[in-house]
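Notes to accompany the following structure.
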Amino acid sequence: MKSNIIVGRSYEFALRIIDLVNSLPKNRICDIVGRQLLKSGISIGANVEEAQSGYSKNDFTNKMSIAQKEARESNYWLRLLRDSNQIREDLIADILIESEELSKMLYSIVKTSKQK
């Protein structure tokens, strides 16, 4: 059941990341960090989607584990943008929370999958 929720949330997160990266200031720092954020942020949903058609439990677990790592990486880039004052905190607070929640959900899914 959680994997159905994670499909939608990771897709919505990817859309939010695209919008955020598109709205970043046009400077060298934001170009580089934004590119990294875009890669990791949209990769979460791509790996979740791949996991849905995993050919084995191990394949499912592996893809979800990659998605969880990408969520943590996205959180890193978001914090870096915020803490380097490239974007106002109020503009990034909600998406930071969502990246943390996605990471926790994915961790739980991976942990449960490994136990079964």
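The values are calculated or read from the model by the stated rules, or taken from the named source; none is laboratory data. As the structure is a computational prediction, the values presented were derived from the model and not from experiment. FYI the Cβ positions are ideal-geometry reconstructions off the backbone, even for glycines, and counts take in every protein chain you see.
Of all residues being hydroxyl-bearing (Ser, Thr, Tyr) and in a helix (DSSP H, G or I) in region 19-61, which is nearest to Asn75 (Cα to Cα)? Just the residue, please.
In this case the residue turns out to be Ser40.
Evaluate the following for Leu15: is it modelled with pLDDT of 95 or more, out of contact with any helix residue (DSSP H, G or I) (no Cβ under 8 Å at 6 or more places or on another chain) and of a type outside the set (Phe, Trp, Tyr)?
For Leu15, the condition - modelled with pLDDT of 95 or more, out of contact with any helix residue (DSSP H, G or I) (no Cβ under 8 Å at 6 or more places or on another chain) and of a type outside the set (Phe, Trp, Tyr) - is met.
Counting only residues that are touching a Ser or Thr at 6+ places or on another chain (Cβ under 9 Å) and either among the β-branched types (Val, Ile, Thr) or modelled with pLDDT under 95 (or both), how many does region 61-92 have?
4
Between a residue in region 93-116 that is among the basic types (Lys, Arg) and any residue that is surrounded by 12 or more Cβ atoms within 10 Å (Cβ to Cβ), which pairs come within a Cβ distance under 8 Å, given they are 6 or more apart or on different chains?
Lys114/Thr61
Among the candidates Ser74, Ser65, Ser53, which residue alone is hydroxyl-bearing (Ser, Thr, Tyr) and either at positive phi or loosely packed, with under 15 Cβ neighbours inside 10 Å (or both)?
Ser53
Could you please let me know if Ser103 is assigned to a helix (DSSP H, G or I), of a type in the set (Ser, Thr, Tyr) and either exposed (fewer than 15 other Cβ atoms within 10 Å of the Cβ) or in contact with a Lys or Arg (Cβ under 6 Å, 6 or more places away or on another chain) (or both)?
For Ser103, the condition - assigned to a helix (DSSP H, G or I), of a type in the set (Ser, Thr, Tyr) and either exposed (fewer than 15 other Cβ atoms within 10 Å of the Cβ) or in contact with a Lys or Arg (Cβ under 6 Å, 6 or more places away or on another chain) (or both) - is met.
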